[in-house]
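The values are calculated or read from the model by the stated rules, or taken from the named source; none is laboratory data. Bear in mind the structure is a predicted one, so any value in this text is a computation, not a measurement. Cβ: placed from backbone, ideal geometry, glycine included. Neighbour counts: every protein chain shown. Just the protein is used for accessible areas: all its heavy atoms, side chains included, with ligands, DNA and RNA removed. Shrake-Rupley method; radii C 1.70, N 1.55, O 1.52, S 1.80 Å.
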Amino acid sequence: MAIPDILPEKPGKIIAVHVAFESRAAQRGRRPKQPSYFLKATSTLAASGSEVERPAGTELLAFEGEIALIIGKSARNVSLADAWDYVGYVTASNDLGLYDYKSQDKGSNTRSKSRDGYTPIGPELLDASAIDPATLRLRTWVNGDVVQEDGTTEKDLIFPLAQFVADLSQHMTLEPGDIILTGTPRGSSVIVPGDVVEVEVDVPGTETTMSSGRLRTTVVEGPGEFNAEVGSLPHTDDKLREDAFGDRESAGLPPVGQEDSDNTAESEQALPAELVDKLKKTPTAGLSAQLRKHGINQSVFEGVYPQTKGTKLVGRARTLRFVAGREDLFTKHGGGLNEQKKVFDTVREGEVIVIEGRQEPGSGTLGDILALRAQTRGAAGVVTDGGVRDYEAVREIGLPVFTQGAHPCVLGRKHVPWDSDIAISCGNATVVPGDVIVGDDDGVIVIPRELAEEIADGALAKEHEDEWVAGRVAEGASLDGLFPPTGENKKAYQQFRDSEGA
């Protein structure tokens, strides 16, 4: 992808701000205290009039109209008061992202945001020295309709534009040509092949309006040649759809707590009864051995065991993530119908709530009321790599719970409920919503949904073989050539298996 001709120099880096507009923060329900950033590849740059590809097999390509700052001279440790002097130009940009890849690179946005052509910019540059940065206007059109309009006044922005220059210059040298994408306001949403997106930055109200002109990008269908052998495949779920469209209503989703039980999103599909039966018959030891044959070694939840000996757990994963405790954050995110309560209040029949507690057992991650709510909703169980409060009361409820153990303290001592329905790490095992969770006295494992049937069948077949081997050992046979069966022993087992029709 060629660097647009309008740029004064080839940028060494593109730095994007996660959230900067008050309207976007209000829509997301999360207002940052300080700016946070991610990097985009310079190969994402494209000129006005270009086409952007939505790969075949994906659905959540979203636009984000943004103001782009182009650094005019080297900036290192510059003050906020002087920072705007280091901005050479201002123009329009479109920070395109493919949400089908967002959960795989949570926060960094590497694959979702750095595809070729995913940063159109232009078409004209505005001289930053002639602009009051608090007087800019950003507008975005989709197919001719205005979908975003916001300003850069103190009431519009969480952080003034110059702050990004001052802040970033504390950590790196900003060089001439570097680009800072300054966040998008409310209204960012999903676009599809055939849509035309236009973005403009101007200074309204002046005698001669200063404008970047309209940055025009057309969405087209592209190839979807993703290779599972070298990386993740696209993934979507309702949480990603909500983020990509901006809110649940725009995504066509019902309000939280009113989800249609017939929802057929992959992560929400009930496991077939036959598969559940197979997995209940199969020990996690056998399942983990089959996963190893498929090259998956990190499937076990470390340090997590059942409250009640003899418990068998099978279900599809519903994920919940806690971050490390911080009093100011818990004040904002810990009260009311927080993320933890939302998950327990909306868990579906057959789902296992899997909680990322960073293997920190120093407080409870659920208690008896939450366990009772999950049970009444039909949850298959709960797995947490943290502690359980009201331990005996939770046990008496009868909901299968796997944990590191008991702890009397409340959540806020160590944890802040943060987000849900994303890829998480529980007990050092990565879990994606919709994965299959199986637990027994040996512990808990996670199985990719698409492999579950094959893994279960392979494990059951191996269990049958092991039962035959155990019988021979009980009769006094040597383990040599028997465990596993080879040579004559293998033939003998195959004859036994065929005679049983196994």
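Inside region 59-77, residues that are surrounded by fewer than 20 Cβ atoms within 10 Å (Cβ to Cβ), at negative phi and not acidic (Asp, Glu) make up a count of 3. The number of residues in region 37-59 being at pLDDT below 95 and either under 24 Å from residue 132 (Cα atoms) or touching a helix residue (DSSP H, G or I) at 6+ places or on another chain (Cβ under 6 Å) (or both) comes to 1. Restricting region 17-36 to residues that are of a type in the set (A, V, I, L, M) and either touching a helix residue (DSSP H, G or I) at 6+ places or on another chain (Cβ under 7 Å) or assigned to a loop (DSSP other than H, G, I, E, B) (or both) leaves a set whose member that is surrounded by the fewest Cβ atoms within 10 Å (Cβ to Cβ) is 19. Among the residues of region 333-343, are any within 18 Å of residue 270 (Cα to Cα) and modelled with pLDDT of 90 or more? Within region 333-343, one or more residues are within 18 Å of residue 270 (Cα to Cα) and modelled with pLDDT of 90 or more. Looking only at residues of region 339-352 that are open to solvent by less than 10 Å² (accessible area, probe 1.4 Å) and out of contact with any helix residue (DSSP H, G or I) (no Cβ under 6 Å at 6 or more places or on another chain), we find that the one that is nearest to residue 410 (Cα to Cα) is 343.
Out of (1) out of contact with any helix residue (DSSP H, G or I) (no Cβ under 7 Å at 6 or more places or on another chain); (2) open to solvent by less than 10 Å² (accessible area, probe 1.4 Å), the odd one out for residue 436 is which? So residue 436 meets the others, but not (1). Among the residues of region 151-196, just one is on the phi > 0 side of the Ramachandran plot and touching a Pro at 6+ places or on another chain (Cβ under 6 Å), namely 177.
Here's the yes/no breakdown for (1) touching a strand residue (DSSP E or B) at 6+ places or on another chain (Cβ under 7 Å); (2) on the phi < 0 side of the Ramachandran plot; (3) open to solvent by less than 70 Å² (accessible area, probe 1.4 Å):
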site	(1), (2), (3)
385	yes, yes, yes
417	yes, yes, yes
431	yes, yes, yes
458	no, yes, yes
467	no, yes, no
475	no, yes, no
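The set of residues in region 398-415 being modelled with pLDDT of 90 or more, hydrophobic (A, V, I, L, M, F, W, C) and either part of a strand (DSSP E or B) or open to solvent by 40 Å² or more (accessible area, probe 1.4 Å) (or both) consists of 401, 402, 406.
Looking only at residues of region 213-242 that are open to solvent by 60 Å² or more (accessible area, probe 1.4 Å) and of a type outside the set (A, V, I, L, M), we find that the one that is nearest to residue 295 (Cα to Cα) is 229. Within region 143-186, being among the small types (Gly, Ala, Ser) and in contact (Cβ under 8 Å) with a residue 60 or more places away in the chain holds for 162, 166, 169, 177, 183.
Which one is least open to solvent (accessible area, probe 1.4 Å) among residues in region 78-119 that are polar (S, T, N, Q) and part of a helix (DSSP H, G or I)? Looking at residues that are polar (S, T, N, Q) and part of a helix (DSSP H, G or I), I get 112.
When region 73-111 is filtered for residues that are of a type in the set (Lys, Arg) and in contact with a strand residue (DSSP E or B) (Cβ under 8 Å, 6 or more places away or on another chain), the ones remaining, listed by number, are 73, 76, 111.
Of everything in region 154-187 that is in a loop (DSSP other than H, G, I, E, B) and surrounded by 24 or more Cβ atoms within 10 Å (Cβ to Cβ), the residue that is farthest from the chain's Cα centre (by Cα) is 178. Listed by first and then second residue, the pairs linking a residue in region 310-336 that is within 17 Å of residue 385 (Cα to Cα) and open to solvent by 50 Å² or more (accessible area, probe 1.4 Å) to a residue that is in a strand (DSSP E or B) and hydrophobic (A, V, I, L, M, F, W, C), with Cβ atoms under 6 Å apart and 6 or more places separating them unless they lie on different chains, are 321/418; 321/424. The set of residues from region 439-453 being closer than 21 Å to residue 104 by Cα and either in a strand (DSSP E or B) or open to solvent by 10 Å² or more (accessible area, probe 1.4 Å) (or both) comprises 445, 446, 447, 448, 449, 450, 451.
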